[in-house]
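Novice: One structure, pasted below without further comment.
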Ligand code: NAD
């Protein structure tokens with residue numbers, strides 16, 4: 001059992017109340033975490049506020065060095081953290097699972113350490129010199145979901161630290177253990193109070209909601225569902241917090257008639273089923289031109305039929321269980337409704353416990369719940385279309401706008417179509433392949449602002465212009 005704790009300003013906090021975290025592969029306890037209340041939140045924010053002036057006053061090179069040290073710590077402890085992720089999140093150690101997540105976390109941390117936002121000279125002439133500088137905000141509140149507990153924590157924490165802010169992070173109550181441990185490890189190389197992790201079961205007190213309202217938190221960076229992001233935005237207006245909101249998606253893939261179905265099957269499968277579909281920018285609906293529809297379905301079924309699903313700690317598993325019961329129930333309902341109308345090509349029925357086999361359902365259309373809603377699980381809706389324009393129109397007819405993809409052997413035609421998709425990222429012949437040097441964020445209801453790259457870093461700063 002992993003009995004995790006947290007420290008505030010370097011001092012261990014004794015929270016008598018604890019909550020149990022479940023291993024979704026077995027239903028057994030994976031560990032326990034402190035069930036903090038509003039008093040602990042205030043203490044954590046006060047420690048972060050106290051640490052801010054000294055951290056902000058450090059030179060850029062010192063903060064860069066500290067971010068490099070955090071990266072090295074994540075690398076050194078990657079296997080321990082990967083096992084914790086698997087225990088509480090369910091994803092396998094192997095495949096695109098927890099070891100891969102830790103590889104991503106270290107890659108993002110390392111890349112962010114090397115980024116910088118140097119002062120810009122806007123004007124320097126006889127009429128004067130005008131410079132633009134970036135100032136840190138203060139205490140950043142980070143609120144994370146349960147699908148990539150360490151990688152998303154790194155996406156929030158590292159750019160905040162790199163730009164001179166201090167951080168209070170609150171992970172999902174479903175996956176707090178790996179984040180607690182990751183922050184503990186970061187604290188081995190950071191000054192006291194610079195990063196604090198606070199955990200709660202969301203029932204004793206809604207710590208996330210309290211963070212959105214907290215007068216001493218200057219920014220919220222949130223990754224999670226649209227409904228929660230909208231609540232945060234409403235609450236944050238009282239204190240004029242800066243916001244980065246990475247919310248839900250319902251990404252569409254568009255398959256043009258010139259593809260080689262066998263060649264794209266693996267990419268299509270992982271675009272949709274990475275992390276068992278529990279990925280914001282996973283492909284959740286697939287529009288396929290009628291000329292290749294049957295061949296694409298056949299190739300997808302052939303590839304998906306060979307994916308081993310099982311307990312994440314089993315080294316042979318490539319996909320694990322659904323992370324939690326609420327998500328499992330939502331998925332089961334969407335799939336059974338879709339199965340009543342469409343044609344189940346693979347899977348379609350819940351397995352034991354929280355296991356759900358990779359599911360492919362054709363014969364669906366916009367207006368069907370599995371197409372219109374974010375299923376966030378291992379089920380892909382396939383829609384047959386007669387023309388490219390029909391595919392584009394149906395893909396864009398969504399309130400979401402996170403990612404999208406075009407599949408074609410004609411790259412320039414695919415690029416033209418990509419530019420007409422209403423979403424923040426579009427991939428060609430792949431899906432969801434985010435990278436640390438490319439800004440990532442949603443349009444429409446999928447969010448506000450971007451993460452990654454210089455544009456993402458800038459979101460942790462205010463602009464100050466000096467006229468002299
Ligand atoms: P969620 O919104 O239920 O929870 C996310 C976090 O918000 C948790 O830490 C939760 O405790 C906290 N929270 C709950 N109520 C709150 C409130 N009133 N105010 C502030 N915080 C509150 O989301 P989830 O179920 O954990 O994650 C799944 C969702 O996250 C999916 O919709 C998925 O698309 C989205 N997601 C988006 C991205 C992205 O980058 N766009 C990445 C991963 C996941």
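Novice: Filter segment 276-301 down to residues that are free of Cβ contacts under 8 Å to residues at least 40 places away in the same chain and in a helix (DSSP H, G or I) and give me whichever is nearest to the ligand (Cβ to nearest atom).
Specialist: Step one: of segment 276-301, the residues free of Cβ contacts under 8 Å to residues at least 40 places away in the same chain are 291-292, 294-295, 298-299.
Right, trim to in a helix (DSSP H, G or I) and you get 294-295, 298-299.
Working: 294: 31, 295: 30, 298: 30, 299: 27 Å.
Only one residue fits best here, namely 299.
Novice: Which of the residues belonging to segment 392-414 are without any contact (Cβ under 8 Å) to a residue 60 or more places away in the chain and more than 30 Å from residue 230 (Cβ to Cβ)?
Specialist: If the condition is that a residue be without any contact (Cβ under 8 Å) to a residue 60 or more places away in the chain and more than 30 Å from residue 230 (Cβ to Cβ), then 411, 412 are the ones that fit.
Novice: Is it true that some residue in segment 251-266 is within 15 Å of the ligand (Cβ to nearest atom) and under 19 Å from the mean Cα position of the chain (by Cα)?
Specialist: yes
Novice: Another question, if that's okay. Check segment 137-152 and report whether any residue there is over 27 Å from residue 9 (Cα atoms), in the same structural domain as residue 458 (by TED's automatic domain parsing) and surrounded by fewer than 20 Cβ atoms within 10 Å (Cβ to Cβ).
Specialist: For segment 137-152, residues over 27 Å from residue 9 (Cα atoms), in the same structural domain as residue 458 (by TED's automatic domain parsing) and surrounded by fewer than 20 Cβ atoms within 10 Å (Cβ to Cβ): absent.
Novice: When you check residue 456 against the structure, is it within 13 Å of the ligand (Cβ to nearest atom) and not assigned by TED's automatic domain parsing to the domain that holds residue 163, yes or no? Before you say what the answer is, go through the steps one by one.
Specialist: Details: within 13 Å of the ligand (Cβ to nearest atom): yes; not assigned by TED's automatic domain parsing to the domain that holds residue 163: no.
Here the answer is no, as residue 456 does not meet what is asked.
Novice: Oh, and also: Cβ-Cβ under 7 Å, sequence separation 6+ or interchain: first residue in segment 446-465 and under 20 Å from residue 121 (Cβ atoms), partner within 16 Å of the ligand (Cβ to nearest atom) and not in a loop (DSSP other than H, G, I, E, B). Which pairs?
Specialist: So the pair list comes out as 457/159.
Novice: For segment 318-325, state whether one or more residues are surrounded by 15 or more Cβ atoms within 10 Å (Cβ to Cβ), in a strand (DSSP E or B) and assigned by TED's automatic domain parsing to the domain that holds residue 423. Give the derivation first.
Specialist: Of the residues in segment 318-325, the ones surrounded by 15 or more Cβ atoms within 10 Å (Cβ to Cβ) are 318-324.
Retained after the next criterion (residues that are in a strand (DSSP E or B)): 319.
With the extra rule that they be assigned by TED's automatic domain parsing to the domain that holds residue 423, the set shrinks to 319.
Within segment 318-325, one or more residues are surrounded by 15 or more Cβ atoms within 10 Å (Cβ to Cβ), in a strand (DSSP E or B) and assigned by TED's automatic domain parsing to the domain that holds residue 423.
Novice: I'm told residue 389 meets every condition in (1) more than 30 Å from residue 154 (Cα to Cα); (2) touching a residue at least 60 places away in the same chain (Cβ under 8 Å); (3) out of contact with any strand residue (DSSP E or B) (no Cβ under 7 Å at 6 or more places or on another chain) except one. Can you identify the failing condition by its number?
Specialist: Failing condition for residue 389: (2).
Novice: To continue, here is another question. Kindly indicate whether any position in segment 57-64 is within 11 Å of residue 150 (Cβ to Cβ) and in a helix (DSSP H, G or I).
Specialist: For segment 57-64, residues within 11 Å of residue 150 (Cβ to Cβ) and in a helix (DSSP H, G or I): absent.
Novice: Still on this structure: Just checking, which of 252, 265 is in contact with a helix residue (DSSP H, G or I) (Cβ under 8 Å, 6 or more places away or on another chain), in a helix (DSSP H, G or I) and touching a residue at least 24 places away in the same chain (Cβ under 8 Å)?
Specialist: 265
Novice: Hey, does segment 289-311 have a residue that's over 27 Å from the mean Cα position of the chain (by Cα) and under 24 Å from residue 401 (Cβ atoms)?
Specialist: Within segment 289-311 (the criterion being over 27 Å from the mean Cα position of the chain (by Cα) and under 24 Å from residue 401 (Cβ atoms)), the answer is yes, since at least one residue qualifies.
Novice: Oh, and also: Collect the residues in segment 181-203 that are within 14 Å of the ligand (Cβ to nearest atom) and in contact with a helix residue (DSSP H, G or I) (Cβ under 9 Å, 6 or more places away or on another chain), keeping them in residue-number order.
Specialist: 197, 198, 199, 200, 202, listed by residue number.
Novice: For segment 207-225, enumerate the residues that are crowded, with 17+ Cβ neighbours inside 10 Å, in a loop (DSSP other than H, G, I, E, B) and either more than 18 Å from the chain's Cα centre (by Cα) or more than 10 Å from the ligand (Cβ to nearest atom) (or both).
Specialist: Residue satisfying the conditions is 214 alone.
Novice: Still on this structure, please answer the following. What is the residue count in segment 429-448 for residues that are touching a helix residue (DSSP H, G or I) at 6+ places or on another chain (Cβ under 8 Å) and either away from the ligand (no atom under 11 Å from the Cβ) or over 24 Å from residue 103 (Cα atoms) (or both)?
Specialist: Summing the residues that are touching a helix residue (DSSP H, G or I) at 6+ places or on another chain (Cβ under 8 Å) and either away from the ligand (no atom under 11 Å from the Cβ) or over 24 Å from residue 103 (Cα atoms) (or both) in segment 429-448 gives 11.
Novice: Okay, moving on. Only one of (1) closer than 19 Å to residue 80 by Cα; (2) touching a residue at least 40 places away in the same chain (Cβ under 8 Å); (3) within 16 Å of the ligand (Cβ to nearest atom); (4) touching a helix residue (DSSP H, G or I) at 6+ places or on another chain (Cβ under 6 Å) fails for residue 146. Which number is that?
Specialist: (4)
Novice: Something else now. Answer yes or no: is there a residue in segment 417-424 that is within 30 Å of residue 60 (Cβ to Cβ) and either outside the structural domain of residue 128 (by TED's automatic domain parsing) or without any contact (Cβ under 8 Å) to a residue 12 or more places away in the chain (or both). Spell out how you get there, then give the answer.
Specialist: From segment 417-424, those within 30 Å of residue 60 (Cβ to Cβ) are 424; that's our starting set.
This time we only want the ones that are either outside the structural domain of residue 128 (by TED's automatic domain parsing) or without any contact (Cβ under 8 Å) to a residue 12 or more places away in the chain (or both), so: 424.
For segment 417-424, residues within 30 Å of residue 60 (Cβ to Cβ) and either outside the structural domain of residue 128 (by TED's automatic domain parsing) or without any contact (Cβ under 8 Å) to a residue 12 or more places away in the chain (or both): present.
Novice: May I pose another question? Output the residues belonging to segment 160-180 that are touching a strand residue (DSSP E or B) at 6+ places or on another chain (Cβ under 8 Å) and away from the ligand (no atom under 14 Å from the Cβ).
Specialist: Passing the criteria: 160, 161, 163, 164, 165, 166, 167.
The values are calculated or read from the model by the stated rules, or taken from the named source; none is laboratory data. This structure is a prediction, so every number in the text was calculated from the model and none was measured. Ideal geometry is used to build each Cβ from the backbone, glycine not excepted, and the neighbour counts take in all protein chains shown.
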